[in-house]
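The values are calculated or read from the model by the stated rules, or taken from the named source; none is laboratory data. Only a predicted model underlies this, so the values are computations on that prediction, with no experimental measurement involved. Heads up, the Cβs are rebuilt from the backbone with ideal geometry, glycines too, and the neighbour counts pull from every protein chain shown.
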């Protein structure tokens, strides 16, 4: 424990010394630094902060230092997170490679793959996107059709992937492809890494109900992919995918409702758009009830996040609790957006132009976007099926 | 239309002249006159009122007059109902024979059966109970095991029926029995009438969470039943049963929440047990919201009852709407009981003895009893299945 | 109480269905949106609606009306909700014309209503000033000014307010915001000096405006009804609007629901139709139940207008509160059950989702109407 | 914040589980009910509990306590909720002893707490006077009377009030009902002249009483804390009671849920286990989710007591409101999913259903606590 406290002090000191003041202010989407061959920095400070963190390996605190990571254990990583939060330090680097592909390569990749990809991710040199879903496949991921034919020295990939977030900006994509069309469903699927610059790869943007989005559809037309880009065994990509899905669900449950949203939370919005009466209570009893129900639910969810962590730490890991987080995070996230909409009333009904400020428009767009949260990364229905089967052990039909 | 108005005036006049004042007061459960070989009358007036209505055939207004009924058409029957309601006239006779068996015999019975049973029901000489469910069968009615063996001149019945309401007080029971054990489920079931006085028939009471109940379990031990008691064709009892189930669901949806209950409704209870503030609103905002939601739901349900009637009358019968009434009636009925419980607070927590008045105890018991409403007569889950299949035409697995 | 349509009304409904599906499918709303149409609806199609008699249907014959009643109009509006048809029907015929009809002088009725019936002019009710529906909180000031009046203040959210030829402005001539006393109604030409109209781009792609009144001078005959006594006129006008808006919402919810059930029958997942999953079946059945209950409420609410029933306020709040909840439920379920495609702009379900929330806020959210219903019932 | 049990606490929990399942299964409560037991719990078993240290677990060592904290006690109470074990644990140890501990003089603590720890005496908090939990509305009058005090008034619902050796009575010595000022706590022997105790037969078969105070004369040292300043003592006492009661409810809900899941795995309908029906699976999953969230809340609420955290009131209201809702949900679903047998007295599920509603009303229903939580958070 003592060395942990010591570590905390060192971390705090280092952050104090190295995190520019401007990088301690709440971050907007525009100010996020995303990995990539041609990275954009919103400011010199952002670049400085990124480079300092990168050099410490703290863009990926828990990854091995020899591969560009910070080499911290889970406790230390949590302390770093807490200290950054306390100081308001911004996340220095954003990338799906950090959240999803990296962990998978570290778990399933061979040394050559680790050497090639992990350091680049750690240093933010490459931006990754994900190619799982396909048009028509939906929740039934295993029914995917994108084909990767074994041509001896390479695979020939044909098909298309949908919901490939930020594919238009990404350098590489990690995909699930069918390598054995005769095998049944889960079998015959492999996990492949594809360079978006390869000939035959093209991407189009998808417009959502919330307006332009980061979601794309990516097409593969006779794309040649070297064999070394196969992660894990041939036809065993499903196990890699499952491991990754866990990361995605964790991600989804953490971002929860907090997708492109306004600067205010529900309580602030309530005080500003509804106001309090003489009795100190929100003027609208119905909205007040809706608000407090949400606030109490969010508190319970937050405490559950802490609990799962403490359980892991204390070795009492109940592997079941994490299974509920994707569901509760996204479902309550949707309720939060409905609540904000109700609180703002007429002011949340604008699309663009005059008469609605940024926060109000973000509220409207955020509400619409939140509808995707309980669909992407495993629908709420799939989550409930999983709980019924894996946790409760209810009989399947 | 004119003759209907004329009819209405005559009915009103007759009721004015013939319904004793005491029989126009709200009826308690104790004051109900139930059919039976040895009928109990709570008062001389009740007897007089029953006899006058019986002689008019208005115990069963829509049944053929030659069989002891009133011979009224649906419009006339509705007028009679309305006029009785307007005057507060009590229902003169209660019996499952009136609500369920009678209609079935009229539809499926042969002349001999009609002659033997219908007039007795109309005159309240025989009390009927129902023998459908069996221990272990539950919603899966067709899995019933009670066996009726063909012994040439009679059937030999063995088995037991559960939820046989008031079987301990009934003279006859109508049952579903298995007459062909080899046929699959729905087939091989017949509809049989059994005299409860026959040797081998015995009944025990079932205690519910709400205390003593009218529900019983009835046992058949080598009971000899004459062939003439078979209603409908042999092994075709299922069609008779389905017709009857409709009546039961209608009944359930009509009694809805209004099972043994207190003298006050939710609004009254709210004013008495919670009270209003200076602003004229119920003091407790949460209870007020719960109350108004229920009141609005009940109003919508009531209007839907009217609509189904008007649709039938105007020949626009949408046969689907009645399918929802059992579900909404019982589910909202349960919410009503939860609401009453919440409104009464500590006063709804008594079981018996001092400190709680009759209405308060009835609230507690009624709340507990209401839990049976969404189970008996087709569970809510079965109702939703039926709507999905029959109304929405959703594919079955 | 009439809880079914008569021959005549069914005929109206069928005609409306045919016209709307042929001329104003949801695709038409998308075009209006993508072309950033200034009006927010097609004037040409509005003319056609008027020729079909939709603008005159509830007006008395003496003002070139058909006197068919709201049961008929409600049936038409319900159909218009199925295709999200953008038109000034609600603002002009239901809100605007009702204000003139219930509060106006003979001269005003003669001047306005026949032109409404013919489609010559459109109207809009300028009411809302705050974030939430609160008619009594009207603060826009009306002062006597010689023979006439002067208006100063602002309206934040006026559906069709930018395109209407004439506005019916709710103003306060006395007492304080929150008070039912002291409200007055004025008939104001859209091009009156001192009146600024700013178009608002709403999430449902329908037309609306914010208005600023800067010393707007009005003649004496601009006043509708008595000065300061508008509430007894305004409240029934709002209740008519609430009920007709609820009828539109019912249509939208039914359409959304039917499209979803259809999708459940077509969409394959895990080798079966998703409509065979019991969890989705039960949720679909629950929506069906809610919609059937809502239908009954809507019928009774519409007859309550036609029969001038005393419980019109209750029925209006019952109908609006219920449709707010049902439309929200159905649109949310529709998106979720459609899965990924459900959140794309390509699928039309999104348009229903967006309209549902605008309609929910218009003329009172569910909380407003439950509170009102409870108070009307004495608790 | 501790959101997991430590070794010691887990041990306590397991011991409790063993003792309770062996000695006090739900069947024991049925026996108490059917024998119309006057006390409402078994004094003998209460003694055994005390020997296991349950009465002393949260008391300081100086009063023969174990000073284990509420995380430990909460774990035990949760287990007692699983078997619906009837005991004066909540009234004596959580409510009664806390009042003495937080408000009493050294003399009072010395006189009471060791006897509580040993099981020699039981306590009860006499608070409720109306239909709903409303501590500030206390009206029972306390007047100075020479050196001492005189109590007049009535208490309508006092759990274990008929059997407790000593009552802690909430009385009003000044100001008016609704006011936090002017409340006082008195320690009253159960057999004090002028005090009538009437047993109430509750739906959950637990013991409770109504009390009438007719000129009850008390010595000066009967007063706990300062005259008229009881609220700062009473509120944390109530919050401890709310949290521990919520822990009991969590145990009951978990037991009810697990029995139901088990039934879903065993019960055949239409040739399959009913647990294979997706609609029931989803409903079961939703219950599981609610229960997991509730567990997290309970852990934090119990530590909030042990750590004397400033947000104890929020946590107490969060815990109680949530468990009220969850226990109601789970018991309703349990009955429905058990079908016909679920509504028979023969099945034990009914006992959980009945207890859930009594516990919901005790120390504040969900509405009370949501309102309180909102106010505590400044809206």
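Key figures for this structure:
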item: Condition met for residue B:283 (within 14 Å of chain D (Cβ to nearest Cβ), closer than 22 Å to residue C:314 by Cα and surrounded by fewer than 20 Cβ atoms within 10 Å (Cβ to Cβ)); result: yes
item: Condition check for residue C:32: part of a helix (DSSP H, G or I), at pLDDT below 95 and surrounded by 16 or more Cβ atoms within 10 Å (Cβ to Cβ); result: no
item: Matching residues in segment A:147-176 - criterion: being closer than 12 Å to residue A:189 by Cβ and over 24 Å from the mean Cα position of the chain (by Cα); result: A:147, A:148
item: Residue within segment B:36-45 that is touching a strand residue (DSSP E or B) at 6+ places or on another chain (Cβ under 9 Å) and either surrounded by 15 or more Cβ atoms within 10 Å (Cβ to Cβ) or at pLDDT below 95 (or both) present; result: yes
item: Elements of type strands (runs of 3 or more DSSP E) contained in segment B:122-206, each with 3 or more residues being under 17 Å from residue B:96 (Cβ atoms); result: B:128-131, B:172-178, B:189-195
item: Lone qualifier among B:241, B:278 - being at pLDDT below 95, assigned to a helix (DSSP H, G or I) and farther than 24 Å from residue B:338 by Cβ; result: B:241
item: Candidates A:78, A:47, A:114, filtered to the one that is within 14 Å of another protein chain (Cβ to nearest Cβ), farther than 30 Å from residue A:385 by Cβ and assigned to a helix (DSSP H, G or I); result: A:78
item: Hey, residue D:107 crowded, with 24+ Cβ neighbours inside 10 Å and either modelled with pLDDT of 95 or more or under 20 Å from residue D:16 (Cβ atoms) (or both) or not; result: no
item: Condition met for residue A:58 (surrounded by 15 or more Cβ atoms within 10 Å (Cβ to Cβ) and assigned to a helix (DSSP H, G or I)); result: no
item: Wholly enclosed strands (runs of 3 or more DSSP E) of segment D:158-255 bearing at least 1 residues out of contact with any helix residue (DSSP H, G or I) (no Cβ under 9 Å at 6 or more places or on another chain) and within 14 Å of chain B (Cβ to nearest Cβ); result: D:195-202, D:207-218
item: The one condition in (1) more than 22 Å from residue A:301 (Cβ to Cβ); (2) assigned to a loop (DSSP other than H, G, I, E, B); (3) touching a helix residue (DSSP H, G or I) at 6+ places or on another chain (Cβ under 6 Å) that residue A:354 fails to fulfil; result: (3)
item: Residue match in segment D:117-140 (condition: surrounded by 24 or more Cβ atoms within 10 Å (Cβ to Cβ), in contact with a strand residue (DSSP E or B) (Cβ under 7 Å, 6 or more places away or on another chain) and over 24 Å from residue D:364 (Cβ atoms)); result: no
item: Conditions (1) assigned by TED's automatic domain parsing to the domain that holds residue B:217; (2) within 30 Å of residue B:216 (Cα to Cα); (3) surrounded by fewer than 18 Cβ atoms within 10 Å (Cβ to Cβ): number failed by residue B:115; result: (1)
item: Check on residue B:342, in a helix (DSSP H, G or I) and within 8 Å of chain D (Cβ to nearest Cβ); result: yes
item: Of all residues making up segment B:168-208, the number that are touching a strand residue (DSSP E or B) at 6+ places or on another chain (Cβ under 7 Å) and within 14 Å of another protein chain (Cβ to nearest Cβ); result: 5
item: Answer residue from segment B:1-34, given it is part of a loop (DSSP other than H, G, I, E, B) and modelled with pLDDT under 95 and is surrounded by the most Cβ atoms within 10 Å (Cβ to Cβ) among those; result: B:33
item: In segment B:139-167, the residues that are within 14 Å of chain D (Cβ to nearest Cβ) and in contact (Cβ under 8 Å) with a residue 60 or more places away in the chain; result: B:139, B:141, B:142, B:160, B:163, B:165
item: Residue within segment B:312-329 that is crowded, with 18+ Cβ neighbours inside 10 Å, within 14 Å of chain C (Cβ to nearest Cβ) and not in a helix (DSSP H, G or I) present; result: yes
item: Every residue from segment C:38-57 that is in contact (Cβ under 8 Å) with a residue 60 or more places away in the chain and part of a loop (DSSP other than H, G, I, E, B); result: C:38, C:39, C:40, C:41, C:55, C:56
item: Test: residue B:269 is in contact (Cβ under 8 Å) with a residue 40 or more places away in the chain and within 14 Å of chain D (Cβ to nearest Cβ); result: yes
item: Members of segment D:131-157 found to be touching a helix residue (DSSP H, G or I) at 6+ places or on another chain (Cβ under 6 Å) and modelled with pLDDT under 95, listed by number; result: D:147
item: Residue count, segment B:386-397 (criterion: facing chain C (nearest Cβ under 7 Å) and under 15 Å from residue C:287 (Cβ atoms)); result: 5
item: Residue in segment A:265-275 that is in contact with a strand residue (DSSP E or B) (Cβ under 7 Å, 6 or more places away or on another chain) and in a helix (DSSP H, G or I) present; result: yes
item: Selection within segment D:7-35 - within 13 Å of another protein chain (Cβ to nearest Cβ) and either in contact with a strand residue (DSSP E or B) (Cβ under 8 Å, 6 or more places away or on another chain) or free of Cβ contacts under 8 Å to residues at least 60 places away in the same chain (or both); result: D:7, D:34
item: Residue in segment A:209-219 that is farthest from the chain's Cα centre (by Cα), counting only those that are under 14 Å from residue C:345 (Cβ atoms) and either away from every other protein chain (no Cβ under 14 Å) or assigned to a loop (DSSP other than H, G, I, E, B) (or both); result: A:209
item: Any hit, segment C:258-267, residues being touching a residue at least 40 places away in the same chain (Cβ under 8 Å) and under 27 Å from residue B:293 (Cβ atoms); result: yes
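Table: residues versus (1) within 30 Å of residue A:351 (Cβ to Cβ); (2) surrounded by fewer than 23 Cβ atoms within 10 Å (Cβ to Cβ).
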{"site": "C:191", "(1), (2)": "yes, yes"}
{"site": "C:209", "(1), (2)": "yes, no"}
{"site": "C:215", "(1), (2)": "no, yes"}
{"site": "C:225", "(1), (2)": "no, yes"}
{"site": "C:231", "(1), (2)": "no, yes"}
{"site": "C:235", "(1), (2)": "no, yes"}
{"site": "C:239", "(1), (2)": "yes, no"}
{"site": "C:247", "(1), (2)": "yes, no"}
{"site": "C:257", "(1), (2)": "yes, no"}
